[in-house]
Amino acid sequence: MTFLGWLAGNTIAGLIASFDHWIALVLLAWVGIRMIREGLSPDKDIDPVDPSRGKTLVMLSIATSIDALAVGLSMSLLKVDIPSASLVIGSVTLAVSLAGLLIGHQLGVHFGKRMEIVGGVILNLIGIRVLLSHIL
């Protein structure tokens, strides 16, 4: 998304800047609320949703990629070496995502459904932070 943002340059920046924070908030809240609901529900009522598949994965991907798109747009204005920057951003994102996956699995084993609630609350807080950072 950073590279795509760089490609889009100034053309799309004005179109996205006015509402990108709202899109991120809605997507993160949607996924976060679903996680909280599943964490609060009994095991037998709702089948557990695998966040690495289906609509949940798409929504999380879009929500977390909007900021990368905005960074790419900024980089096009700053004349940054985008291939190197994209490689570094992608590598760091991969490493942090894998670490989060491993740590999240271990926490899930120890704390069970409570971690779904915590994860949902964190996603909602991230969405609120994105919104506040654009408004303020």
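Summary table below
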{"read-out": "Relative contact order of the chain, defined on C-alpha pairs under 8 angstrom at six or more residues apart (%)", "value": "51"}
{"read-out": "Listed candidates (i) 2, 10, 17, 19, 16, 13, 10, 7, 4, 2, 0, 0; (ii) 2, 9, 17, 20, 22, 18, 9, 3, 1, 0; (iii) 2, 10, 15, 19, 19, 15, 9, 6, 3, 1, 0 - label of the one calculated as P(r) over Cα pairs in 5 Å bins from 0, in percent", "value": "(iii)"}
{"read-out": "Structure-based [θ]222 nm, the chain - -39500 (n - 2.57) summed over DSSP H runs of at least 4, per residue, nearest 500", "value": "-29500 deg cm²/dmol"}
{"read-out": "Chain lengthening between Leu125 and Ala8 when straightened (0.36 nm per residue, less Cα-Cα)", "value": "39.2 nm"}
{"read-out": "Extension reserve of the Ile33-Phe19 stretch, reckoned as 0.36 nm per residue once the Cα distance is removed", "value": "2.9 nm"}
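Taken together, the values in this text are just the output of simple stated rules run on the coordinates, not laboratory data. Keep in mind that this is a model prediction, so the values were computed, not measured.
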